[in-house]
């Protein structure tokens with residue numbers, strides 16, 4: 001396949017192997033589905049061995065696949081068969097943290113003189129970095145988590161079971177690059193960098209998007225460019241203002257792609273408030289990026305609908321329209337986790353309008369698995385605070401096959417949009 005700036009032409013489909021196909025072998029057997037849809041890039045959500053506290057974002061071993069998904073040989077076959085169809089493979093790469101059961105942390109938490117101790121962030125009091133962003137404020141009161149074996153605290157931005165890595169330690173960089181090389185050597189075409197803006201923590205800041213973090217990302221890019229000739233793409237997850245997001249491109253020497261969160265917000269405002277002017281203004285502000293870079297455009301993904309760069313009153317109003325019954329609110333009501341078919345349940349034509357809007361815009365569009373057939377959230381089944389889990393149900397193959405046989409279905413409508421996108 002031609003590897004020249006392929007990410008600028010990417011039409012991405014985001015999926016969990018287990019939720020979409022059950023196993024890697026089954027995913028390989030279903031590759032023709034993506035050809036029918038017009039997809040040329042698969043973003044595979046975390047497939048690594050994990051206790052699954054955070055649906056795989058708590059990684060125990062970066063150099064393998066979860067046993068229930070298959071084997072490394074199965075993965076190699078997937079990459080080979082996908083490439084034969086002109087489909088690229090992008091893996092989710094969790095940079096900011098590991099599982100509490102990762103060997104590095106098991107060793108580090110056991111005793112203070114561990115060789116791995118400085119791979120993580122520690123405190124005797126749990127009072128430092130008080131202004132740093134707490135990603136899950138409804139799940140834990142602060143980012144410092146008590147470590148009973150040593151009587152002190154470790155830092156965790158996300159779940160308590162996900163200790164943050166200390167990227168100020170050169171050994172962390174070297175270890176994580178070895179993990180990334182393992183998959184690049186197996187033919188992977190790119191990596192989505194989870195929580196890319198949160199790698200470095202500093203006192204007196206929210207510890208997001210710091211200059212030192214950009215320096216780390218540039219080093220990652222330089223490492224991959226030198227070793228793989230510029231063929232490996234990096235997609236950054238960082239929700240900031242448009243100007244803040246552009247910084248993740250660097251001077252064309254940082255990330256190749258960035259999720260366009262502000263444009264996502266404006267798309268929902270346009271769809272629900274009929275305010276296309278604001279979206280046009282955002283597109284105008286999005287033009288001046290390095291020539292070989294691209295924004296990844298999207299409406300939904302595996303997480304909540306994050307609206308954090310909108311003014312509070314605007315955000316609150318939009319959330320009340322997206323989730324009028326407050327059924328899937330996330331993070332103390334600051335966001336909500338809904339599939340598109342839930343949002344537009346009372347107006348199916350608006351679902352088609354939303355998808356048509358997504359594929360009418362410049363950039364590399366991302367389809368979240370199941371949205372092309374109108375899948376909905378799983379029903380609420382109790383007091384689960386992490387409502388993101390309700391947008392991660394099993395793919396409805398019966399519905400997909402039914403729609404593939406109906407030329408007037410949502411599937412065929414989406415396929416026509418994807419094929420027309422340029």
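The values are calculated or read from the model by the stated rules, or taken from the named source; none is laboratory data. Owing to the predicted nature of the structure, the values given are computational and were not obtained by experimental measurement. Positions of Cβ are backbone-derived with ideal geometry, glycine not excepted, and every protein chain shown enters the neighbour counts.
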(request) Return yes or no: is residue 377 buried (at least 18 other Cβ atoms within 10 Å of the Cβ), at pLDDT 95 or above and part of a helix (DSSP H, G or I)? (result) no
(message) Restricting to the stretch 184-215, count the residues that are surrounded by fewer than 21 Cβ atoms within 10 Å (Cβ to Cβ) and either part of a helix (DSSP H, G or I) or in the same structural domain as residue 120 (by TED's automatic domain parsing) (or both).
(response) 5
(message) Residue under question is residue 65, and the condition is that it be part of a loop (DSSP other than H, G, I, E, B), in contact with a helix residue (DSSP H, G or I) (Cβ under 8 Å, 6 or more places away or on another chain), crowded, with 17+ Cβ neighbours inside 10 Å and free of Cβ contacts under 8 Å to residues at least 60 places away in the same chain; does it hold?
(response) yes
(message) On the basis of being out of contact with any helix residue (DSSP H, G or I) (no Cβ under 7 Å at 6 or more places or on another chain), outside any loop (DSSP other than H, G, I, E, B) and without any contact (Cβ under 8 Å) to a residue 24 or more places away in the chain, does residue 178 make the cut?
(response) yes
(request) Would you be able to tell me the number of residues in the stretch 106-139 that are crowded, with 18+ Cβ neighbours inside 10 Å and in a strand (DSSP E or B)? (result) 2
(request) State whether one or more residues within the stretch 153-160 are surrounded by fewer than 16 Cβ atoms within 10 Å (Cβ to Cβ) and not in a helix (DSSP H, G or I). (result) no
(message) What's the number of the only condition in (1) loosely packed, with under 14 Cβ neighbours inside 10 Å; (2) under 26 Å from the mean Cα position of the chain (by Cα); (3) farther than 18 Å from residue 172 by Cβ; (4) not assigned by TED's automatic domain parsing to the domain that holds residue 16 that residue 103 fails to meet?
(response) (3)
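Please enumerate the residues belonging to the stretch 314-362 that are more than 30 Å from residue 141 (Cα to Cα), touching a strand residue (DSSP E or B) at 6+ places or on another chain (Cβ under 7 Å) and surrounded by 22 or more Cβ atoms within 10 Å (Cβ to Cβ). Write out each step before concluding.
Kept after step one, since they are more than 30 Å from residue 141 (Cα to Cα), are these residues of the stretch 314-362: 340-362.
Remaining after also requiring touching a strand residue (DSSP E or B) at 6+ places or on another chain (Cβ under 7 Å): 358-359, 361.
358, the sole residue that qualifies.
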